[in-house]
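Notes follow once the structure below has been shown.
Values quoted throughout were computed directly from the atomic coordinates according to the rules given, and no laboratory measurement underlies them. What you see is a predicted model, and the numbers here were worked out from it, not measured in a lab. Note: ideal-geometry Cβ built from the backbone for every residue, glycine included; neighbour counts use all protein chains shown.
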Amino acid sequence: MKIDRIDIIRVKVPFVHPFETSFTRFEERDALIVKVYSEGLIGYGECKAFYGPLYNPEDNGTCFHIIKNIIAPVILHKDIEGPEEFMRLVSFIRGNRLAIASVENALWEIKSQRDGKSLKTLIGGTQDEVKVGVSLGIEPNIQVLLGKIEKYLAEGYHRTKVKIKPGWDIDVLREIRRHYPDIVLTVDANSDYTLADIELFRAMDDLNLQYIEQPLAEDDIVDHAVLQKAIKTPICLDESIVSVDTARHAIELGSCKIINIKSSRCGGLCESIRIHNLCMKHNIPIWVGGMTELGIGRVQNISFASLPNFALLAHDIAASNRYFAEDITIPVVNITSRCTLIVPDDTNGIHYEVDEKAIDRLMVSREV
Ligand code: OSB
Ligand code: MG
């Protein structure tokens, strides 16, 4: 595929409700969309970074720089075979995986169009539909959170994950369990705790949580191994797993029993498929994580989740209306009556297109 042109489009899409994590309160999705032109075809990749380096060290500013000044010169007007060759060409770049993934994802879209095969077929997906869970932010008070839990349980979401932070944790969780003794419940700390909080996590062992997501530092696997040995509840790593090597190290050290894979965080689908395969070999359950993405990223996540080892746990791939009144695909992502998402494949007629008009409405700037 010859790369003829690359656009970086910045959009801002308001959330229907603010989404608060331990690291910030989001009012809108401020995102970069990468549009790659190749021999009459167009592939889109959504960059999953945020306005600041809050979740991991990258943000929209660093990603813009890396895509424009480091990645684009390597591939522009070159003929490359596809995403795998792209990954070899950019392997000199240290870190900056969200930026790399956004371009890699766009190349998968081009490859899919060029070969006339769905992404599911290209990566060897085996599942026709995948289960969705909901991730609920920090709320002003427990009553509001309970109301949200009720709403999404009524919609059939298969797992309820709540964000925690110091001061909004064990009491909130006990109250949730008092109201809902049997729901599949998980928590996500987004790395806001340390080993000094070990007693707090021991206390969570009484709450029958499916897992505790990323309790300790974003770049740590050593302290997580200490914590995992001290508690019964499985730890699920998110931020800490950025490559097949970090996944292998975490598995060998016993830093977690579950991994959430975000293809963005790991530099794209090529590396994420390797992590999927490694986890399958080691019987580590995995699920697809979310970054409150817009439709382009959301649809790719659905296809990624069709790989065989993703069959057990629910994913953070909600319906688009969970976050947005307006999204950038046609149709927007909707859940089935079973609260699942149907994976687009070459036979089921499900197909998403990018809504160029919506992008134009939501665009803040465009760099060609
Ligand atoms: O840690 O999983 C996370 C949102 C933004 C940044 C990090 C995370 C999240 C979520 C939302 O939990 C998941 C979703 O997209 O629904
Ligand atoms: Mg997380």
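Inside segment 320-338, can you point out the residues that are closer than 30 Å to Asn283 by Cα and either buried (at least 20 other Cβ atoms within 10 Å of the Cβ) or of a type in the set (D, E, K, R) (or both)?
Answer for segment 320-338, where residues must be closer than 30 Å to Asn283 by Cα and either buried (at least 20 other Cβ atoms within 10 Å of the Cβ) or of a type in the set (D, E, K, R) (or both): Ile335, Arg338.
Do we have Asn208 as in contact with a Ser or Thr (Cβ under 6 Å, 6 or more places away or on another chain) and more than 18 Å from Ile273 (Cα to Cα) here?
Criteria not met by Asn208.
Consider Ser303 carefully, then state whether it is among the polar types (S, T, N, Q), in a helix (DSSP H, G or I), more than 16 Å from ligand 2 (Cβ to nearest atom) and in contact (Cβ under 8 Å) with a residue 24 or more places away in the chain.
yes
From the set of residues in segment 12-71 that are within 16 Å of ligand 2 (Cβ to nearest atom) and under 23 Å from Ile110 (Cβ atoms), which is surrounded by the most Cβ atoms within 10 Å (Cβ to Cβ)?
Looking at residues that are within 16 Å of ligand 2 (Cβ to nearest atom) and under 23 Å from Ile110 (Cβ atoms), I get Lys48.
Of these, Asn348, Asn334, Asn321, which one is over 29 Å from Lys68 (Cβ atoms) and without any contact (Cβ under 8 Å) to a residue 40 or more places away in the chain?
After applying the criteria, what remains is Asn334.
Leu269 versus (1) surrounded by 23 or more Cβ atoms within 10 Å (Cβ to Cβ); (2) within 16 Å of ligand 1 (Cβ to nearest atom): which is the lone unmet condition?
That leaves (2) as the condition not met.
Filter segment 317-347 down to the residues that are among the aromatic types (Phe, Trp, Tyr) and away from ligand 2 (no atom under 16 Å from the Cβ) and list them by number.
The answer is Phe324, and nothing else.
Of all residues in segment 212-252, count the ones that are among the hydrophobic types (A, V, I, L, M, F, W, C), over 16 Å from Val187 (Cβ atoms) and more than 16 Å from ligand 2 (Cβ to nearest atom).
Let us first name the residues in segment 212-252 that are among the hydrophobic types (A, V, I, L, M, F, W, C), namely 212, 216-217, 221-222, 225-227, 230-231, 235-237, 241-242, 244, 247, 250-251.
This time we only want the ones that are over 16 Å from Val187 (Cβ atoms), so: 217, 221-222, 225-226, 230, 241-242, 244, 247, 250-251.
Now drop any that are not more than 16 Å from ligand 2 (Cβ to nearest atom), which leaves 222, 225-226, 230, 244, 251.
Number satisfying all stated conditions: 6.
Quick one: Asp360 ticks every box in (1) surrounded by fewer than 22 Cβ atoms within 10 Å (Cβ to Cβ); (2) of a type in the set (Asp, Glu); (3) within 20 Å of Ser135 (Cβ to Cβ) except a single one, so which number is it?
All conditions pass for Asp360, except number (3).
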